[in-house]
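The numbers here are math on the coordinates, done by the rules we state, and not lab data. Keep in mind that what you see is a predicted model, and the values were worked out from it rather than measured. Every residue, glycine as well, gets a Cβ built from its backbone with ideal geometry; the counts of neighbours run over all protein chains shown.
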Amino acid sequence: MKRLTLWRRSVQHRRSHRCVKLYKHTVKLVSALFLPLLLAIFTVIVAFEQRKENQQQRFEDRELARTHREQELNISILAREADKLAARLQRENDREIAESQGNMSRQLEDYRYEQERIKYLDSLLANYLDDIGQLLKENNGSLTSSFLAAALGRAKTMHILRMGIGSIRSSQIIHFLYDAGQLTVNQNPLDLSNAPLDGIYLTGSSMNSLSLVRTRLINASFIGLDVSNGNFVGAYLKNANFSGANCTNVDFQQANLFQSDFSSAILTNAKFDHNDLAYSTLANTSLINVKFHSANLSYTTLASSDCTNATFEQTILIKSDFSYATLTQTQFRQVNLLGATFSFAKSEDFHGWGCLFNSSQLERSNFTQTDLYSLTFINCNITKSIFYQSQVKFISILYSDATNIDFTSATLFKGQFNVSIFKYASFVNADIRGTVFNYVDLTNANLSGAQCSNNVCLWNESVFLENATLPNGSLGRFKNLIEKSPVQCNLSVEEHGWHIIGKHTIVTKPNWNGSDQCVFTLSPDSTDGKMNLFVNLSRFTDFIDTGRSFAHIKIQQGKQVITNIRSDQSSHGGWTWSHHQTNPNFKCVTAGLHPNTRSLTIDVRFRASVFGREELYFYDVVSIMGLWLDHLEDANYQILEHAC
C-alpha cells in the first residue's frame, strides 16, 4: 500500500515535471517565433500602407490632371465666348452706327423734305392769297359779286384746303377771307360747303357774324372767340370747342355738334334745330331764349346753366344733367327726359308760369332739393321720379302719370293735382298745405306725416284713396258710387235711389238666413219685378275723358236674378260677368269706359220660379252692390282682370 502510494506520487511528480518542461519548451518556442511573426506582420502592414499611399497619390495626381484639363477647357471656352461677345458687340456697334447714320440721313432728308413742303405750302398759300386778292380787286372787293368770281373763289379755296395744308394755314385762310368781308353773314358770303377745316384754331377777340355754313370743322377750336350772329348751319362740328365763346344769335340749325364743348359760353338767342349734341358739355352756359327743336342732347351736361326762357321741343334729353341750372320760364315740350337730373335746380319768382313740362317723358328723373317756382307738368310721364326735400311753389300736375313718384319731405305749396295717377306715390312728411287734389288716383299712396291746411287735406270725392296711408295713419278706401250700399232695411227701394218698374213689386227685407244683412227681393204677392239705378258720372268727366278709365262692378245676388249694365256710350271690351272663386253668389264685371261716357245704368230683374218663401229669399235676392272707377297706366284694356 505504501509502495502504491509512493508510485502514485512518483507518477504525479513525473507528470508535473513533464508539464513544466513542456511549458518551458513551449514558451521558448513561442518566444523564438514571436519576433519573426511581429516582423512579418509589421512588414505586411507597412506594405499595405505603402500601397494605399501610392494609390492615393495616383488618384490625387489623376484628379489634379483632370482639374487642370477642365480649367484649361473652361479658359478656352471663356476665351471663345469673349471673342464671340466682342465680335457681336462690334457688329451691333457697327450696325447702330450705320443705323444712326441712316437715321440721321433720313431725318435730314425728312427735314429737307418738310422744309421743302413748308416752302411749297407757303408758296401755295401766298399764291392763293395773291390770286384771291387779285379777284377781290377785279370784283370791287366781293368774290360773290358775279357768278364767275364766286365759282373761281370757291374753286381756289376748296383746292388749297384739300391739299392738306394743315390747320394753321387753314385758319389763316379763314381769317383772311373773314377780314376781307367774304365770310360775313347777310353780305352774300362765299360758299365753303364741305370745306375740310378740321382742327382749325380761330383766335382773336371777335369774328362777329362769321359764316361757315356746311363746313367740316372736326376738333375745331373757337375758345373765347366772339362769333355772335354767326351762321354754322349744317356744319360738322364734332368735338368742336366753343368754351367761353360768345355765340349770341348764332344759327346752329342742322349742325352736328356731337361731344362739343360749350362750357361757360354765351348762347343767348342761339338756334338749334335737328342737331346732334349728345355727350356735349353746356355747363355754366347762358342759354337764355335758346330754342332746341328736334335735337339730341342725350347724356349732355347742362349743370349750372341759365335756361331762362329757353325752349326744348321734340328733343331727346335722356340722362341729361340740369343740376344747379336756372329754369325760370323754361319750357320742355314733347321731350324725352328719361333719367334726367334736376338736382338743386332753381327758378326765380315770376308772375306767371315758371318751368313747364308738356307731353314729356320724365320717368326716373331726379328733382332732389330743387327750389322751383310755378312748376307745371301737363300730360307727362313722371313715374318713379324723385322730389326729395324739394321746395316747389305752385306746382301743377295735370293729366299725368306720377306712379311711384317720391315727394318725401318736399314742400308743395298751393299745388294743383288734377286728373292724374299717383299710385304708390310717397308724400311722407311732405308739406301739402293749400294743395288741391282733383280727379286723381292715390291708390296705395303713402301720405303719412303729410301736413295739410288746418289738418284738412283738400281732396274731393273724385279722389281714389284705396289702401292709401292717410296723414292720420288710417287707410283710405275706394268710394262706392252706389251711395246706399249695402241695403238698409229701414229704407225703401226708392230711398236707395232705385227706380221700380211696376209699383210694390220689390221690397227690402232682412235676409232669410237670419243675419243682419238686408236684401232687395220680390214682394210676397209678386213673381216678377224689375228695377234700375242711374249712376251719373258727369263729375268724373276729366278723369274719364283720358280714355284710360274703367268701371268695376260687384254684386251679390241669387241664382234667379238677372243683372245687366248699360252705358250711354259703348264700352271698351264689353261687359262680361265673372263669378267669385269661392262664393258663386258674387259676380263681378270690369270694362273700359268710352272717353265720352257720362252715365251707367244697372238693370236688375227678379223672377220667382220656385215655391217656398225661404227658397225665394235664397234665389231671388240682391244684397251687396258696389260700383267703382279706376284708371289704367296705359290704354290696354286687355290687361283688365275679370276675376272677383
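The figures follow:
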item	result
With Cα atoms, 0 to 90° folded angle of helix 167-179 axis to the chain main axis	30 degrees
Size of charge dipole - the chain - debye, nearest 20, with Cβ of Lys, Arg +1 and Asp, Glu -1, no other charges	6740 debye
Distance from the range 530-567 to the range 91-157 (C-alpha centre basis), Å	86 Å
Karplus 3J(HN,Hα) series, Hz, for the range 317-331 with 6.51 cos²θ - 1.76 cosθ + 1.60 (x for Gly, Pro)	10, 4, 6, 6, 10, 10, 4, 6, 6, 9, 10, 6, 6, 8, 10
Potential extension, residue 527-residue 179 segment - 0.36 nm per residue separation minus Cα distance	114.9 nm
Cα-Cα separations in the range 4-68 greater than 15 Å, expressed as whole percent	74 percent
Backbone HN-Hα couplings from phi across the range 520-536 [Karplus 6.51/-1.76/1.60, Hz, Gly and Pro as x]	8, 7, 5, 5, x, 9, 10, 10, 8, x, 10, 8, 9, 10, 9, 10, 7
Per-residue [θ]222 nm for the chain (sum of -39500 (n - 2.57) over DSSP H runs n ≥ 4, rounded to 500)	-10000 deg cm²/dmol
Tilt relative to the chain, helix 2-138 - C-alpha long axis, 0 to 90 degrees, to 10	40 degrees
Calculated diffusion of the chain, Stokes-Einstein form, Kirkwood radius summed over Cα pairs, 4 °C and 1.567 mPa s, µm²/s	37 µm²/s
For the range 197-297: Kirkwood Rh in Å [reciprocal of mean 1/r, alpha carbons]	12.7 Å
The range 112-192: proportion of alpha-carbon pairs further apart than 16 angstrom, %	48 percent
Pairs beyond 28 Å (Cα-Cα), from 291/393; 291/319; 137/238	137/238
Taking only Cα atoms of the range 45-197, radius of gyration then Dmax in Å	41.7, 135
Spatial separation of Cα centroids for the range 218-295 and the range 306-373, in angstrom	20 Å
Helix axis angle, 147-161 relative to the chain longest principal axis, alpha carbon, degrees	30 degrees
Debye, to nearest 20: dipole size of the range 218-340, +1 on Lys, Arg Cβ, -1 on Asp, Glu Cβ	160 debye
Segments 490-496, 176-182 sorted - mean Cβ within 10 Å per residue, highest first	176-182, 490-496
